[in-house]
Structures are given as structure tokens and as C-alpha cells.
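The values are calculated or read from the model by the stated rules, or taken from the named source; none is laboratory data. Remember, predicted model here, so these are calculated numbers, not experimental data. Here the Cβ positions follow ideal geometry from the backbone for every residue, glycine too, while neighbour counts run over all protein chains shown. The protein model used for the area step is the full one, side chains on, heavy atoms only, and it has no ligands, DNA or RNA in it. Shrake-Rupley method; radii C 1.70, N 1.55, O 1.52, S 1.80 Å.
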Amino acid sequence: MKSVHPIKSVMPNLSEYDALYSGFEWNEERIHLDGLPSGKGLNIAHEAVDRHAESDLKNTIALRFINTERSTVDFSYSELRKQTSKFANVLEKIGIGKGETVFTLLGRVPELYVSGLGALKYRAVFCPLFSVFGPEPIFQRLSRGDARVLVTNTAFFEKKIKSQLERLPSLRYILLTDSQEHLADNVLSFSKAMEEASTDWVIGPTDPEDPALLHFTSGTTGMPKGALHVHQAVLTHYSTGKYVLDFHKGDIFWCTADPGWVTGTSYGIIAPLVNGVTSIIDEEEFDAMRWYSILEEQKVNVWYTAPTAIRRLMRMDICPKEAYQLDKLRLILSVGEPLHAEAVIWGEKNFGFPILDNWWQTETGGIMIANYRSMKVKPGSMGKPLPGVEAAIAEIKDNELTLLTNPGDQGHLVLKKGFPSLFRGYLHDAERFQKCFVGDWYITGDLAKMDEDGYFWFIGRADDIIKTSGHMVGPFEVESTLMRHPSIAEAAVIGKPEPSIGELVKAFVVLKSGTEAGEEMRRNIMGYARKEMGPAVAPKEIEFVESIPKTRSGKILRRLLKARELGLPEGDTSTLE
Ligand code: AMP
């Protein structure tokens, strides 16, 4: 008998969007979380780990690590509870205070996850850094983030930290994951400290508003900012896990993001654990064959990745559903930058279901706008707001906000305050934080439009918008059209100052392999662009390049392209891939 494809046999948790959206109350959602057994508050680590360690999930695998050589290490919920309690005891022993910050500078290894969840148990603030950062961006973040503890390894310590210690007077302890012995009073062996620590820990009273997570934004538009999140954010993690990632008991989930980017923490650590499923964590970076074979071997049910990876898979000559046994996979989701309509459709053809795009940002702490399994997908749209989140399009002038309600109106994407995971501040920058709000609305910094069915469509970062001959052009729309040209692999578009028209649209183009750059190709692309977009929007300049600068989370660094074009300082490039 032919087996039923899992996408059909597993009913979505969110079956009717409109009904759930109109009746949704965060207070009612809160019932699905435990709260601390003492009755004193809400703590992310309790919801993610401890409560499951005492339930029938205790022996379920919480985290499965795959290392470079492909061997695996598993942590059940019960084991994860013990390890994270040990780490909380280590923090107590070395005298760290509640609310102080614990940083990690590690690859995707177990110590990162144990430290992060252990810090949350201790009620310290957790801040994971990308391990590929060089010494200066690390210093900037440790110093701006008031780091008290750093968990790292000997090589990173020697190369990136040691010479900076004098500049970091408040950094009290370094814990080295690969040293068997304590090296100095303030440079300790992680394993030795853990060995001596007890596996018992009672989480102290945690106010839902207590700070929990610090994330420096990817800095696509300037200097990195430290966005602070509170324990209450766990409600968004839970809810988005249930309704967007559609977690079901027994699911195996893989989020490919590194915890150094907010996605790798909210969805690579917290959301799957809060929902009691099994998370796969791969130590390695993107590799198409490795990734497809992990999906197959680990029998992944739900996969959360980014457009940059999807585009790389699309460029390969492989139909995954024919080349690999992916019959357990029922859902693929994407975040980080626009998912082009072609990618959604490619998913449908090559996996048997569309890839679901969703939108959020460091400041929102969790998914805000999404496509849901049960809802019709309009390829190229980010979908509809999460139940419990009010999103709108607005015009902002002189600090006055006017909601634009006609379908198709373009404006600022704004979110009504009041959802649990909205950031509570930029560390040490109250002014910048205040500038993000007008009345009850949080200004996301993105421009978008809403169609007649309530679907949101991304236009661009407000800072990236090009003003040319009286038109407002979003680089994304130009890039999307260029990408449909048969010879173009990738494109990035900026506005270049040009006195007569304000800015001209300039495109940087990576051609597909085997295609020749030159005057003929330039004319061909220009002709195609004018025909598709009209002369006002089509690029007036095209430059062929080998690659497009992107952040490690896959976002095009248009700011950098523009600075290079104009010979200006490049600004913060620490997140450059
Ligand atoms: P970050 O805070 O680094 O995660 O960056 C957030 C920004 O990435 C958003 O404000 C958007 O500009 C962009 N972004 C994230 N997801 C999407 C998406 N699905 N479509 C379009 N842009 C996105």
C-alpha cells in the first residue's frame, strides 16, 4: 500500500488562521507554559528543559549534535537538565551576579548550548557570539555588553581574546572548553569546573520582565546594537513553534542558523525545546550534499533555513525528492531576507510542498509575519501576522504616524507594542531605542505593503530605498526581476547619487557559470530589465562581480556595496561572510 505523505497525515496545529487570529489572547497561550514550580515567575530554561525532564519526555533526545566527522552526541531532556544545572552552579561558585552577562564564543558545540541554558537558569543574561568574528568586533561586543564571563576554547582565547583582556576590566572569568586544567585564577577549565559542580539546581524567582538574552544585530545598516530580551519572550518562542514551525510530538527539527544570529538562539535552541521536540545541530557550514544527507539520515520532519542556502541548492542540478529519501520531511521554512517567488515554487516542485517564508528581526525576538501550512501561499509574500501580533503599514512624518489602510499602499512596516518578545532596549542606548517607537507602534525600519487579502509583501529596508526621478524603488523588486534572467545567478542593487535624478539604480550582478560577462551581456540584461520593469526602475548601470558581500546570516550588505562605490568608509564589517 502506498504510504500517505507526512504533509497530509499530520494535521497542522493552526487549522484556521482567521479564527485563531481574531480570538487570540496571549494570556490564554500562557496556560501552556508551566511557570516556575515555586510559583515565582517565568524562566526560559525551566520551560525549555526542566519541565520536560520531569515529564514523559525525560528520555527523549532534546539535542543531537553532529560533528564535522559526522559522529553524533545526544542529550536527553533529563541529561540536559543535569548539565545546565551544573553550569548554573559553576556561575554561582565563581560569584557571578544575577543579571550579569555570560558570553559564548564557540562553534555549534554542546558547551555553547549548555552554557546558554545554564546561564538562563542562573538568571544571568546570555549572549552568543559568532565564532568567526575577529578580535575587534569581539572586543566591541564584550565591552558594550558588559561581559562578566566568556566561554570559549583555547585557540579563540589565544588568537582573539588574550591581547584584549586589559581593555576588558569587567570580564571576570574565561572558561576554556578544551583545557583540562585551570590555567590562572581567571582562566578556568570548563570541564573541571563542571565536574566539581552539582547536578541539582533550583531556579530562583524570575520576573517575566527579567533580562535574559542579548543579541547584537547583524549590522546591515551600521554599527551593531545590543538588543535586550526578557524571559517572557519564551511565550512567543512557544507559540511560533506551535503555529509556524508546526511542531508535533516526536518531531525532529533542524534549524541551520548559528546562535550568533538571533534565529540560531530563538529557533536553534529555545523554541524546539520549549515545544519538547528533538533538535539537530550540525557543527559544519553549508554543504549541499552534507545537508541533504543529514535531512535524510536524521529523518528531519521540519527544516528551518535561509534564502541564501535555498538559492545555492536551487543552482545545483539535483532534485532532492528523487535523489534522497526525504519522506519524513513535511515542512521547510525560510527567514532572513526575501524568499523569491521562484524559490517557493522550486520547493513545491523539488520537495512536494512550498517553502514557507516568514519575517522577523533581532528586535522582535521571534517570528512576526508568516506563511502557515494551512493557509494559501502567495509566492513572494511574507504571509500574515502571527496570532497575537498586530502589523500594519504606516506613513511617518514629523514623528506622527498615520496608518495606511488601502491595499497596496507602501509604507513603514509597524508592529503594535504588547507582544511578549519585543526587545526591551538597546543596551546603553536609550535614545536609539526611543527613536524606534511612535506612540504604541514599533517602527521596524522595513518598508512593505499589504494586499487586499491581508498578506504582507516586503519592499526593502527603509535605509536601502532608492529615490530615482521621483520614484521610490525597493532594491529587492529589482533584484528579484534580475534573478529571473536566465544568465544571472545573483544580483544586488543600490542607489548611486546622480544630481539630475537624485539617485540612479545600479546593479551588481553575478553571472551563472559558463556565461560570459561583457558588453553584449550588459546590453542584453539592460534590455530585459527595461522591458520587465520600465525605464524608471530598471538599472542604469550594471557591474559584473564575482560575488555579492553578505552577512553570515545571508543578507546582502547593500550598505557596503554603496560605501565601496562611493569610496566612503566601510563601517562595521564584522558580520561579513
Ligand atoms: P536581523 O535582525 O539580522 O535578523 O535582520 C532583520 C531584517 O532582515 C529584517 O528587518 C528584514 O529587513 C530582513 N528580513 C528578515 N526576514 C525577512 C523576510 N522573510 N523577507 C524579507 N526580509 C526579511
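Summary of computed values
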quantity: Selection from 495, 472, 438 lying farthest towards where the dipole of segment 425-503 points positive, charges on Cβ; calculated: 495
quantity: Crossing angle, helix 234-243 versus the chain [Cα axis fit, 0-90 degrees, rounded to tens]; calculated: 60
quantity: Prolate/oblate/rounded label for segment 337-425 (Cα gyration tensor, a/c 1.5); calculated: prolate
quantity: Distance violations [Cα-Cα > 30 Å] among 467/531; 160/328; 435/550; 249/321; 242/467; 98/160; calculated: 160/328; 242/467
quantity: Environment charge of residue 534, counting only residues whose C-beta is closer than 15 Å and scoring Lys/Arg +1, Asp/Glu -1; calculated: +1
quantity: Positive minus negative residues near residue 340 (Lys, Arg vs Asp, Glu; Cβ under 12 Å); calculated: -4
quantity: Contour minus Cα-Cα distance for residue 286 and residue 92 (0.36 nm per residue); calculated: 66.1 nm
quantity: Protection proxy ranking, peptides 552-558, 255-261, average beta carbon neighbours within 10 Å, highest first; calculated: 255-261, 552-558
quantity: Global geometry of segment 220-328, whether rounded, prolate or oblate, following the gyration tensor of its Cα atoms and the 1.5 cut on a/c; calculated: oblate
quantity: Rounded to 10°, Cα long-axis angle of helix 519-533 versus longest principal axis of the chain; calculated: 90
quantity: At most 14 other Cβ within 10 Å, DSSP loop - GluC sites (Glu not before Pro), segment 1-81; calculated: 16, 25, 54, 69
quantity: On Cα atoms only, tilt of 110-122 relative to the major axis of the chain in degrees; calculated: 70
quantity: Cα gyration tensor, segment 421-577 - rounded (a/c under 1.5), prolate or oblate; calculated: prolate
quantity: Carbon + sulfur, % of accessible area of the chain - ligands and nucleic acids excluded, 1.4 Å; calculated: 49
quantity: Sequence ranges 509-522, 296-309, ranked by mean other-Cβ count within 10 angstrom, highest first; calculated: 296-309, 509-522
quantity: Full-stretch length increase - residue 25, residue 398 - with 0.36 nm per residue and alpha-carbon distance subtracted; calculated: 131.0 nm
quantity: Accessible area expressed per residue, segment 481-575, with surrounding protein chains retained (probe 1.4 Å, Å²); calculated: 48
quantity: Structure-based [θ]222 nm, the chain - -39500 (n - 2.57) summed over DSSP H runs of at least 4, per residue, nearest 500; calculated: -7000 deg cm²/dmol
quantity: Selected from 227, 112, 184, residue furthest toward positive end of dipole (the chain; charges at beta carbon); calculated: 112
quantity: Formal net charge of residues neighbouring residue 474 (Cβ-Cβ distance under 12 Å; K, R +1; D, E -1); calculated: -1
